[in-house]
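Reading through the structure tokens given below for one structure.
The values are calculated or read from the model by the stated rules, or taken from the named source; none is laboratory data. All values derive from a computational prediction rather than experimental measurement. So basically every Cβ, Gly included, is an ideal-geometry build from the backbone, and we count neighbours across all protein chains shown. To get the accessible areas, we keep the full protein, side chains included, count just its heavy atoms, and leave off ligands, DNA and RNA. Shrake-Rupley method; radii C 1.70, N 1.55, O 1.52, S 1.80 Å.
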Amino acid sequence: MDVRTQMRSAAGYNARRPAIVAGDRRLTFAEAWQRGVRMANALLALGLKPQDRVGVLEDNCLESADFFLGTAIANLVRVPLYPRNARGAHVHMLGHTGCRAVVVAQKYAAELDGIRAEVPSLEHVVVRDAGYEAWLAGHADADPEVPVDPEDNYIIRHTGGTTGRSKGVAYTHRAWLAAGRDWFYLYPPVAPGDACLHIGPISHGSGYLFTPIWLGGGVNVMVDRFEPQLILDLLQRERIAYLFLVPTMLNAINRIPGIEGRRFPHLKCVLISAAPIADDTALKGREIFGDVLYQGYGQTEVLPVAMMGPKQWFADDVPGSTPLRACGMPLPFAQLQIWDEHNRPLPPGAVGEIVARTDGQMKGFWNDPEGTAERMVDGWVKTGDLGRLDANGYLYMLDRAGDMIISGGFNIYPAELENVLTAHPEVIEAAVFGIPDPRWGETPCAVCCVRPGARVTAEELVALCAAQLGNYMRPGRVVLREEPLPKTPVGKIRRKELREPFWAGHERRVGGT
């Protein structure tokens, strides 16, 4: 099976039902598919051939659905660029994937001015300006009937980050469909008319929900920015059933005054993923939304790996497990193990690297055999995450291997400290990272965003961590601020940006004694 054929079938079955909502603009499946066909023909008219790569720089909008559909119909390979990335990142992503064209929203057009001179393969820069609708309507609405093989590439997504050389991860049509199937394996079934709200860009995690919702006859509701109050209004007005949130988004929604009095009867699933979540944030979210919270674990290279619904996540008594601290349980169509540094499986409870195999994983990094060899071993993908898997099947992600702090010979996982800190009522969000220490090599530093006028002190938070996690785990330094912590376009805290000033003058970003 391929994405184009399955989406085309769904468009036919649901032709009169609503498919896309963006602000006051609404499209039926028939209308959305027709626009997608026109987009496909417009791209092919540029001289592009099936399996050519095409970049796109945009926010969520109605027009982003045109591109999502059009590239699949033309059997072109989407290469999403990330808003607010540096220009160098755009050049790299377009260049190393050999993109022949890029489509850019007018608001970001200046970021790509003159970029053809920097990307040898790039022949066309299509700006979605005031003339876009006329340009689209000027192309045929007859399906080009381009052949598609399930093993053809469908999309190249790049690993996270806003600086440096991110790696391209290619999914085939078969892998993309498998990933969508597995994401929804535990969720309540999609019924025709169910709406999914896309807050985060569909170029990132939320995009994995777009295709399954379409195939089920649901409505994809597009939002171009995260504003907590706006989101609450949309949840009720559009009768949202499915929603993807990163933990920082849920934390912001939890703190809206009067949120406890709102009701969301149509919600079936609020998926929390992309970063560890604090106990306090999860419990408050459950109080507000009810038993609709699901947590998933995976990464661009291999997904989804683990998932758990509210009955698993908030279970009261599971001897040998702490469900609230887990990030999921292995999915039926995934294989999951914990390995030591020699790539040997570890027994339940042991800490090591999380490795996995899924039907939705990458074939390898795009044009990077060395990088692929480092991350793939006998078909298993090494995630770079440290974790453990208990005897009941609960997976605990302790931290990114590169973020682990080694202080005086002890391994300290920032996520554990962040969980304790954000449970304090005066702390809105926290980031923990290692900084140089003359005695211990490294010591944890916590930067905490607190409520305006908060009376909590750094000393109190240090004592709180020591009491709950042990003296060796306490932060060596706590920085309090009312300014929100810096975040990536998808809401992840920029831990490295906060860390960098503390390492000025050091050649390495690790300490030693």
Compute the distance from the alpha-carbon center of region 54-93 to that of region 291-339, in whole Å. 31
Beyond 16 Å, what share of the Cα-Cα pairs of region 1-46 remains, rounded to the nearest whole percent? 44
Can you give me the solvent accessible area of Met376 with a 1.4 Å probe, rounded to the nearest 10 Å²? 40
Taking region 16-75, which trypsin sites (Lys or Arg not before Pro) meet the DSSP loop condition and have no more than 15 other C-beta atoms within 10 Å? Arg16
Roughly how large, in nm² to one decimal, is the mean projection of the convex hull of the alpha-carbon atoms in region 160-265? 8.0
Sort 166-179, 466-479 by the packing proxy (mean of other Cβ within 10 Å over each peptide's residues), most packed first. 166-179, 466-479
Within the chain, percent of DSSP bridges classed antiparallel, to nearest 5: 60
Given charges of +1 on the Cβ of Lys and Arg and -1 on the Cβ of Asp and Glu, with all other atoms neutral, how large is the dipole of region 213-311 about its Cα centre, in debye to the nearest 20? 260
Compute the projected area of the convex hull of the Cα atoms of region 345-478, averaged over all viewing directions, and report it in nm² to one decimal place. 11.3
Placing +1 at every Lys and Arg Cβ and -1 at every Asp and Glu Cβ, with all other atoms neutral, what dipole size does the chain have around its Cα centre, in debye to the nearest 20? 360
Find how many whole Å separate the alpha carbon centroid of region 217-266 from the alpha carbon centroid of region 119-153. 32
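Please compute the Kirkwood hydrodynamic radius over region 290-419, one decimal place, Å, based on all pairs of different Cα atoms.
Kirkwood hydrodynamic radius for region 290-419: 15.4 Å.
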Dipole of the chain, positive end: most advanced residue of Pro444, Met404, Ile155 [Cβ charges, Cα centre]: Ile155
Share of accessible surface on carbon and sulfur in the chain, whole %, 1.4 Å probe and ligands ignored, is 51
Partner lysines whose C-alpha sits under 16 Å from that of Lys487, ignoring same-chain residues fewer than 8 away, are Lys496
In whole percent, what relative contact order does region 149-303 give with Cα contacts below 8 Å and a gap of six or more residues? 19
Probe of 1.4 angstrom, ligands and nucleic acids ignored: what's the accessible area per residue over region 66-132, in square angstrom? 33
If each K or R counts +1 and each D or E counts -1, the residues other than Ala446 whose Cβ falls under 10 Å of its Cβ total +1
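Show me the ranking of peptides 42-51, 419-428, 144-153 by mean Cβ neighbours inside 10 Å, starting with the highest.
On the way: 42-51: 16.5, 419-428: 19.8, 144-153: 14.7.
In decreasing order of mean packing, 42-51, 419-428, 144-153 become 419-428, 42-51, 144-153.
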Cα Rg, Dmax (largest Cα-Cα span) when computed across region 118-180, Å: 16.5, 42
Do you know the relative contact order of the chain, to the nearest whole percent, from alpha carbon pairs under 8 angstrom that are 6+ apart? 10
Under a Cβ-only charge scheme (Lys and Arg +1, Asp and Glu -1), can you give me the dipole magnitude of region 313-456 about the Cα centre, in debye to the nearest 20? 120
Once the Cα atoms of the chain are picked out, what are the Rg and Dmax in Å? 23.0, 71
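So what's the convex hull volume per residue for the Cα atoms of region 1-86, in Å³?
On the way: hull volume 8.2 nm³, N = 86.
Once divided by residue count, the hull of region 1-86 is 95 Å³.
I'm a student and want to see the number: the projected area of the Cα convex hull of region 16-145, averaged over all directions, in nm².
Working: hull surface 30.9 nm².
The orientation-averaged projected area of the Cα hull of region 16-145 comes to 7.7 nm².
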With only alpha-carbon atoms counted, please give the Rg and Dmax of region 63-118, in Å. 11.5, 30
